[in-house]
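S.K.: Below you'll find the structure I mean.
The values are calculated or read from the model by the stated rules, or taken from the named source; none is laboratory data. It should be emphasised that the depicted structure is a prediction, and the values quoted were computed from it without experimental measurement. Note: ideal-geometry Cβ built from the backbone for every residue, glycine included; neighbour counts use all protein chains shown.
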Amino acid sequence: MSKKISFREKHVAGPPQGSHWVWHTADMRTTEKWRKMPLMCRRLLERIELEHMAHNGRENGRLKIAYSQFVQWGISRRSIPAAIRYAVEAGFLDVPKRGYHLKDTANEYRLTYLATRERVANAYEWSAPTDEWKRRAGKSFFHRAECDTAVGQNVTLTAAVQTPKMAETREGAVGQNVTLTNISSVSTHSAATPPSAAAEPPDGIASPSLGRTAPASGSMRRTLNPQSWRTLR
């Protein structure tokens, strides 16, 4: 990849020429076991990947790393067995040959998501990744979001937040805006008779705020002056 500008993707979008690298798929990185992986286990896999790159990717399954080398990488010695156990149970790592960590004998590791090479007779035979993590690491968020997302849209890994139900309550006198409040915050007083209904004058009295006369029951109408109405209250 010596070119800096090209009309072909492979000339500029590939890995740097002469550099060692490994790949991670989006399905693997978004599984439950990978997202919840402890920090020491993540560092352990990074150290094994570094050893894999140091051998040009040809010694997977025979990557020898001693406990003292993990400690130099920044992993607590007492947390190494638990980190190896987590990676193996999640399906990201395999330990074909175990040494004696008390004597600092190196184990032999294999990264299940990378190919392996073995010598058969007088030739080398390559084997595809076994990918045990697909059966052990849980469902992938990326695969589920990819199926529900159109091309060009951003992938959302979080579930939609459910909004609480709303109820309409009428507060204040007639003519005010209706306010929306949560059902949990509605008090028992709001279910009672509104203040506007309690302040309505008797039948046939003109309401100064509404500018109309309330009809009387039946065909008869009666009128009272405001002074007599106040005395009746």
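S.K.: Residues in segment 69-94 that are surrounded by fewer than 16 Cβ atoms within 10 Å (Cβ to Cβ) and of a type in the set (A, V, I, L, M): how many?
M.R.: Quick first cut of segment 69-94, residues surrounded by fewer than 16 Cβ atoms within 10 Å (Cβ to Cβ) only: 69, 71-74, 76-78, 81-82, 85, 89.
Still in the running and of a type in the set (A, V, I, L, M): 71, 82.
Residues that pass the stated criteria total 2.
S.K.: Then there is this: Taking only segment 115-124 into account, find how many residues are within 18 Å of H52 (Cβ to Cβ) and either touching a Cys at 6+ places or on another chain (Cβ under 9 Å) or surrounded by fewer than 19 Cβ atoms within 10 Å (Cβ to Cβ) (or both). So that I can check it myself, show each step before the final result.
M.R.: Just the residues of segment 115-124 that are within 18 Å of H52 (Cβ to Cβ), to begin with: 115-119, 124.
Okay, now just the ones that are also either touching a Cys at 6+ places or on another chain (Cβ under 9 Å) or surrounded by fewer than 19 Cβ atoms within 10 Å (Cβ to Cβ) (or both), so 115, 117-119, 124.
Count: 5.
S.K.: Let me ask you something else. Can you tell me which residues in segment 43-57 are in contact with a His (Cβ under 8 Å, 6 or more places away or on another chain), part of a helix (DSSP H, G or I) and within 15 Å of Y113 (Cα to Cα)? Steps first, answer last, please.
M.R.: Narrowing segment 43-57 to residues in contact with a His (Cβ under 8 Å, 6 or more places away or on another chain): 53-54, 56-57.
Checking which are part of a helix (DSSP H, G or I) leaves us with 53-54.
Of everything in segment 43-57, just one residue is in contact with a His (Cβ under 8 Å, 6 or more places away or on another chain), part of a helix (DSSP H, G or I) and within 15 Å of Y113 (Cα to Cα), namely M53.
S.K.: So for segment 52-68 (the condition being polar (S, T, N, Q), crowded, with 20+ Cβ neighbours inside 10 Å and under 23 Å from K139 (Cα atoms)), does at least one residue qualify?
M.R.: Initial filter on segment 52-68 (polar (S, T, N, Q)): 56, 60, 68.
Subset that is crowded, with 20+ Cβ neighbours inside 10 Å: 60.
Next, from what is left, pick out any that are under 23 Å from K139 (Cα atoms): none.
Checked segment 52-68: no residue is polar (S, T, N, Q), crowded, with 20+ Cβ neighbours inside 10 Å and under 23 Å from K139 (Cα atoms).
S.K.: Only residues in segment 14-29 that are in a loop (DSSP other than H, G, I, E, B) count as the first member; pair them with residues that are surrounded by fewer than 10 Cβ atoms within 10 Å (Cβ to Cβ), Cβ under 8 angstrom, at least 6 apart or cross-chain, and list the lot.
M.R.: Q17/S2; H20/N56
S.K.: While we're here: Could you list all residues from segment 1-49 that are among the hydroxyl-bearing types (S, T, Y) and either closer than 20 Å to I84 by Cα or surrounded by 13 or more Cβ atoms within 10 Å (Cβ to Cβ) (or both)? Before the answer, list the steps.
M.R.: Going residue by residue through segment 1-49, those that are among the hydroxyl-bearing types (S, T, Y) are 2, 6, 19, 25, 30-31.
Of everything in segment 1-49, those that are among the hydroxyl-bearing types (S, T, Y) and either closer than 20 Å to I84 by Cα or surrounded by 13 or more Cβ atoms within 10 Å (Cβ to Cβ) (or both) turn out to be T25, T30, T31.
S.K.: Considering only segment 95-124, state which residues are at pLDDT below 90 and not in a strand (DSSP E or B).
M.R.: Across segment 95-124, the qualifying residues are R98, G99, Y100, H101, L102, K103, D104, T105, A106, A121, N122.
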